[in-house]
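K.L.:
First, the structure itself, so that you have it in front of you.
Nothing in this text is a laboratory measurement; each read-out follows from the coordinates by a stated rule. This is a predicted model, so every value here is computed, not measured. Note that we place each Cβ from the backbone using ideal geometry, even for glycine, and neighbour counts take in every protein chain shown.
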């Protein structure tokens, strides 16, 4: 296995970023602006069932209403997908 892929698999943030990129590339994640530069709808079929999550950017940083973010309070793949589209980086 490529060393970079191995490293990403061990780093939870990099693993989430990879899932965000893969999800967007294969059409399982799509992002729509809800309120420009503030709120986004992220549609996901990555778990096999369709889900819609809201991602917000505010003075306190980024937030998402998905279970992963609600449990860990760290950037989830939905936030990372929005950041990729909005900022061009994660």
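K.L.:
Cut-off is 10 Å between beta-carbons; in what order do 76, 66 appear when sorted fewest neighbours first?
P.N.:
Ordered by Cβ neighbours within 10 Å, fewest first: 66, 76.
K.L.:
Then there is this: Equivalent ellipsoid semi-axes for the chain, as square roots of 5 times the alpha carbon gyration tensor eigenvalues: give them largest first, rounded to whole Å.
P.N.:
Values for the chain, descending: 21, 15, 13 Å.
K.L.:
Order by neighbour count: 52, 87, fewest other Cβ atoms within 10 Å first, most last.
P.N.:
If I rank by nearby Cβ atoms, fewest first, I get 87, 52.
K.L.:
On a 0 to 90° scale, report how tilted helix 12-25 is relative to the longest principal axis of the chain, with both axes built from alpha carbons and the result rounded to the nearest 10.
P.N.:
70
K.L.:
Using the 10 angstrom Cβ neighbour count as an exposure proxy, how do 73, 51 rank, fewest first?
P.N.:
73, 51
K.L.:
I'd like the orientation of helix 77-87 relative to the chain: the angle between its Cα long axis and the longest Cα principal axis, in ° from 0 to 90, rounded to 10.
P.N.:
Approximately 70 degrees, to the nearest 10.
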